[in-house]
1. Which shape class, rounded, prolate or oblate, goes with region 437-519 when its Cα gyration tensor gives a ≥ b ≥ c as root eigenvalues, a/c under 1.5 marks rounded, and past that a/b bigger than b/c marks prolate?
2. Quick one: 198, 621, fewest Cβ neighbours within 10 Å first, how do they rank?
3. How big is the gap, in Å, between the Cα center of region 652-695 and the Cα center of region 85-99?
4. Classify region 462-558 as rounded, prolate or oblate, taking a ≥ b ≥ c as the square roots of the eigenvalues of its Cα gyration tensor: rounded when a/c is under 1.5, otherwise prolate if a/b is larger than b/c and oblate if not.
5. Compute the distribution of all C-alpha to C-alpha distances in region 275-384, in bins of 10 Å from 0, and list the percent of pairs in each, rounded to whole numbers.
6. Over all distinct alpha-carbon pairs, what is the Kirkwood Rh of region 319-408 in angstrom?
7. Rounded to the nearest 10 degrees, what's the angle between the helix 403-419 long axis and the longest principal axis of the chain, both from Cα atoms, 0 to 90?
8. Fewest to most neighbouring Cβ within 10 Å: what's the order for 129, 471, 677, 614?
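Rule-based calculations on the coordinates, nothing more; no lab input. All values reported here derive from a predicted model rather than from experimental measurement. Cβ: placed from backbone, ideal geometry, glycine included. Neighbour counts: every protein chain shown.
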């Protein structure tokens, strides 16, 4: 088998995007959906129901979550606040995830309407509830940032993927649905906040395969919670403060230099607002970001007023153009404006944007002046949907696309997903993946569940093959195609699956069950102690109308670090590498706390003790092969980073442990010769050795 370094070019985008045949096919599906009986419903919508058990007896907390279902990374909170407000380096509109190209400071829903206590417009108050407004960066979705409050602490996850712990075929709409509920009856409201008495069920839908991997689909189900009072002429909008740049060049955070460097735009035909760094951050941030209005239900968007407004960021309210009061916000959301963006270019302005639609409701009437007015009756629910999406240079596309063209391309697919009520054609899911590490080798084992996948539209088993990818960068970037194995069916390469079918399947106990992995592939030529990310995808046969679809890398992407197993070490001795350690190892990152060395060939349960030559105890490491994940070494995994998903704990060989070169008092060690001992807890045997640190 070829060494890893000799295998093909790096693929910036390993998937094949649907071509023109796919575009025509999806468009046809969308037109059929729109023409179907009942596609335009006048009856009130039903919210999708409770998102989980109530927090009875427990305090309701404002909590955050990170999307992990595709290549658009977003931090969000259960009070409607989107983004992290640059309070941390966690993804906040990062696209592609892992690239360091960040785009969003903050975003959130605005809802305005005429609230009446006696079912009459004459005495109605103009009110507006906001999930965020102009504010200073650095805070992160705290209570004061939003006029909404979570109805429950829990953010619920659902998935259409069989292998997902959140698998819920009856209710899930995408590969990763993230749901939360909040309301504007805030228990500790701001002095000027007057509620509309509404609740919002927020859905974020994600698909990991192209072209949908660049898109977050946002559904908002807005319900009038008051038992008797209606809301007239409701408007809903998504406020966004975009600011783009590359995180990698900033040692200190947050990067205030990204402000006043925004190039914004608006595409009226797509209801799409866009932003990019006006110099692309000197070429380091070539991607673009956008936010688009997809539609409303029960009434269609064609009958509504769409408004695009921008103003210069103004948290103090000194700018007369800033909509600070509820009445001003209602007028802004309903003005039907399409603000010109020519001349807005940096560094003259620091724009924030609002895209809104209305009037919305579930019933209508004609007032004495002949105008149609809409009502959201008590207990009724309506839907408004947006999308957050990215675009990046795509030279591999046919034809090649610039970042702006790619953003517009993705926007078209986002609209198609909404028009199809998110029931888009999907590829077979990625298989369940099990990774085994050994000396200079990563062995991938996976199951055969994709072969039995039935396409929900054709009702046929249309699995065609597997693809294996590896990356030394991680997340969604830099994956290389190592293997394409397909069925012998006169389509594709006809390589057959026999070459990846193991003589005997790997059987792995899991609770009361045993997991069976019949397929195997060895990645040779890897380096012990280095980080790798691996994935196995599935693809289908395609049809006359649409090219083959491939599942997303994100579905089973696995972080792994190869290294020796105990029985691979001569005489089963513990070794340290690199030895000597000369200031930094090839895997080290820039900060001192991100540096480390490895102990390899460890027994399954042991205690590592590190001493100076004079016998002073420097550090102790407890090792258990069943649970150890190097989570105490920040250069591998930062346990204080609450945004790091559990699957980013690396898969190890079972006989390796890392040390971050710090003492028991959390101080950096000095140069010199060190002694170590390894006490085997199963038998008591003690091994000893030495290693040299040179700084």
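1. Details: a/c = 1.56, a/b = 1.15, b/c = 1.36.
Because a/c hits 1.5 or more and a/b fails to exceed b/c, region 437-519 counts as oblate.
2. On the way: 198 24, 621 20.
Exposure proxy ranking, most exposed first: 621, 198.
3. Computed from Cα coordinates, the inter-centre distance equals 35 Å.
4. On the way: a/c = 1.69, a/b = 1.22, b/c = 1.39.
Since a/c reaches 1.5 but b/c is at least a/b, the shape of region 462-558 is classed as oblate.
5. 12, 33, 31, 18, 6, 1
6. Working: mean 1/r = 0.0571 Å⁻¹.
For region 319-408, inverting the mean 1/r across all distinct Cα pairs yields 17.5 Å.
7. 70
8. Ordered by Cβ neighbours within 10 Å, fewest first: 614, 677, 471, 129.
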